1. For the condition surrounded by 21 or more Cβ atoms within 10 Å (Cβ to Cβ) and either assigned by TED's automatic domain parsing to the domain that holds residue B:48 or touching a strand residue (DSSP E or B) at 6+ places or on another chain (Cβ under 6 Å) (or both), what is the one hit in B:127, B:162?
2. Can residue A:82 be described as in the same structural domain as residue A:208 (by TED's automatic domain parsing), modelled with pLDDT of 95 or more and at positive phi?
3. In segment B:54-68, which residues are in contact with a helix residue (DSSP H, G or I) (Cβ under 9 Å, 6 or more places away or on another chain), more than 7 Å from chain A (Cβ to nearest Cβ) and either under 21 Å from residue A:240 (Cβ atoms) or free of Cβ contacts under 8 Å to residues at least 40 places away in the same chain (or both)?
4. Any residue at all in segment B:81-94 that's farther than 16 Å from residue B:174 by Cβ, without any contact (Cβ under 8 Å) to a residue 60 or more places away in the chain, within 11 Å of chain A (Cβ to nearest Cβ) and out of contact with any strand residue (DSSP E or B) (no Cβ under 9 Å at 6 or more places or on another chain)?
5. Among (1) free of Cβ contacts under 8 Å to residues at least 40 places away in the same chain; (2) crowded, with 16+ Cβ neighbours inside 10 Å, which single condition is residue B:136 missing?
6. What helices (runs of 4 or more DSSP H) completely inside segment B:98-176 contain at least 2 residues that are closer than 23 Å to residue A:236 by Cα?
7. For segment A:150-200, give me each residue that is touching a strand residue (DSSP E or B) at 6+ places or on another chain (Cβ under 7 Å) and outside any loop (DSSP other than H, G, I, E, B).
8. Which of the residues spanning segment B:144-186 are under 24 Å from residue B:64 (Cα atoms), in contact (Cβ under 8 Å) with a residue 60 or more places away in the chain and within 11 Å of chain A (Cβ to nearest Cβ)?
């Protein structure tokens with residue numbers, strides 16, 4: 001009798017564990033939604049990154065003890081307002097097409113005297129690790145909020161970047177035969193329950209591109225567009241995309257131009 | 001040759017030259033993009049740079065998207081070549097254990113540089129397909145496979161088709177968005193049998 005009861009209670013416990021495991025996934029989704037709600041009611045936590053970024057922009061740093069305030073983001077030295085909407089673009093001083101992140105690297109090198117390696121180190125923050133790049137990106141992006149995307153893509157190098165980015169978008173490879181197009185080439189598709197924007201269609205491209213950088217509730221971090229590309233290539237089973245590499249900038253050029261005319265509304269909040 | 005004939009031939013030549021230069025431009029661009037990618041990625045974990053190298057299916061299919069449908073002769077060439085590469089189970093049995101198949105269909109791990117290569121990969125079928133009624137978190141890149149066996153018939157031919165389809169999707173539908181799970185070594189023979197059982201076993205929740 002005693003023995004059966006014990007067995008029964010063990011079985012009961014095991015059952016409870018099983019059920020707990022089964023609902024664990026569901027619960028974490030619920031928790032995520034709760035955190036999302038909390039984040040929304042407090043305003044966008046990305047504001048903390050924006051404020052830190054603005055301070056970093058003005059702070060004298062690096063071997064040359066200089067701020068970034070003279071950095072030309074494409075609209076002239078020191079002009080931050082609207083800069084995100086014209087990037088990526090061609091810069092004569094580097095003879096390259098640059099996105100925001102690569103341009104910030106350029107300015108950290110030329111104005112502040114950092115080596116390119118130092119400027120590119122730690123491109124993405126993580127738990128307990130705050131990096132300057134995320135904050136600077138959040139700040140500059142926030143200064144374009146509410147403005148329309150307006151990437152020129154008219155200089156020959158800009159056109160070349162666009163065409164190469166487009167080619168990479170449709171390039172299938174790796175163990176799963178995936179390209180960006182597999183997941184972002186058709187309307188109204190989803191993976192599991194996550195909606196997939198059709199990045200070849202104007203309205204979706206505008207909405208998707210205009211929402212990055214973003215504060216990701218599930219990660220508690222502000223994530224840049226460079227991060228977004230890096231993580232999608234991981235899901236694509238490709239090797240690791242290097243921060244501000246030529247392919248990353250070409251792809252950004254393709255997607256940013258597809259988003260032209262759309263209202264830029266970032267840093268946003270995402271799951 | 002009269003003038004009309006001459007004009008027709010000249011026009012044909014011009015069109016051909018146009019096509020050739022368009023094609024050359026595109027393959028030029030692809031070559032340039034590949035060079036760019038080779039300097040833009042770094043090896044990480046199990047994902048080496050050779051993942052960027054395309055095989056024939058990948059190279060061919062990357063050219064067709066949007067409104068450019070795969071021409072029939074190209075599709076036939078791919079389907080024939082890929083069909084010849086399928087290795088069916090030596091024991092002639094296509095059905096494994098649907099319970100294990102369900103786990104494989106749920107599992108999204110495998111082949112990413114963040115994944116442990118010592119662990120078996122999943123099929124992540126739910127990422128793209130509806131399968132059982134119980135799982136409401138399914139994607140829509142692929143068609144619904146709900147009641148697959150019940151609708152198609154629990155026949156040996158259909159079992160064999162399902163096995164071949166999961167092993168090498170391109171053998172039946174050129175330039176499909178579905179991975180070639182057996183061909184690319186994502187799933188083992190036993191794992192494929194298990195997901196085929198999920199689709200084809202009358203007891204499987206896919207068919208209930």
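1. Numbers: B:162 fails: either assigned by TED's automatic domain parsing to the domain that holds residue B:48 or touching a strand residue (DSSP E or B) at 6+ places or on another chain (Cβ under 6 Å) (or both).
The unique qualifying residue is B:127.
2. Details: in the same structural domain as residue A:208 (by TED's automatic domain parsing): yes; modelled with pLDDT of 95 or more: yes; at positive phi: yes.
So residue A:82 fits the description; yes.
3. Passing the criteria: B:56, B:59, B:63.
4. Of the residues in segment B:81-94, the ones farther than 16 Å from residue B:174 by Cβ are B:87-94.
This time we only want the ones that are without any contact (Cβ under 8 Å) to a residue 60 or more places away in the chain, so: B:90-92.
Right, trim to within 11 Å of chain A (Cβ to nearest Cβ) and you get none.
There is no residue in segment B:81-94 that is farther than 16 Å from residue B:174 by Cβ, without any contact (Cβ under 8 Å) to a residue 60 or more places away in the chain, within 11 Å of chain A (Cβ to nearest Cβ) and out of contact with any strand residue (DSSP E or B) (no Cβ under 9 Å at 6 or more places or on another chain).
5. (2)
6. Values: elements: B:98-106, B:125-128, B:148-152, B:156-167.
Here the list reads B:98-106, B:125-128, B:156-167.
7. Passing the criteria: A:157, A:158, A:161, A:183, A:184, A:189, A:190, A:196.
8. Once the filter is applied, which keeps residues that are under 24 Å from residue B:64 (Cα atoms), in contact (Cβ under 8 Å) with a residue 60 or more places away in the chain and within 11 Å of chain A (Cβ to nearest Cβ), segment B:144-186 yields B:168, B:170, B:175, B:180, B:183.
The values are calculated or read from the model by the stated rules, or taken from the named source; none is laboratory data. All values reported here derive from a predicted model rather than from experimental measurement. We place every Cβ from the backbone using ideal geometry, glycine too, and count neighbours over all the protein chains shown.
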